[in-house]
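To start, the structure under review is shown below, and the notes come after it.
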Amino acid sequence: KSGKTVEVSVNEGSPLSDTVLGGVLVAAFNDRISVNNTLQARLDLCADGMLPQLRNVLYGQSPNRKFFN
């Protein structure tokens, strides 16, 4: 969409470790820009987003909290 020519290559000499369940690591500009789209990275994002909900389930509503958005 940008109209620029893009060259894509796969680094088969450096595969993902065996502990990674799937996904890709995309890097550009000599690794200055990278995107980690592995299953573990996505699960970590979900876990961080759900921490407030998990805290309420485990410990109940905090009486000191005034806003719940």
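The values are calculated or read from the model by the stated rules, or taken from the named source; none is laboratory data. Quick caveat: nothing in here was measured; it's all calculated off a predicted structure. We place every Cβ from the backbone using ideal geometry, glycine too, and count neighbours over all the protein chains shown. For accessibility, only protein heavy atoms count, side chains too; no ligands or nucleic acids. Shrake-Rupley method; radii C 1.70, N 1.55, O 1.52, S 1.80 Å.
Figures for the structure shown
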| quantity | calculated |
| --- | --- |
| Whichever residue in region 13-69 is of a type in the set (A, V, I, L, M, F, W, C) and part of a strand (DSSP E or B) and, among such residues, is surrounded by the fewest Cβ atoms within 10 Å (Cβ to Cβ) | 33 |
| Where a residue in region 18-36 is at positive phi and its partner, wherever it lies, is at pLDDT below 85 and open to solvent by less than 80 Å² (accessible area, probe 1.4 Å), with Cβ under 9 Å and at least six apart | 22/16; 23/16 |
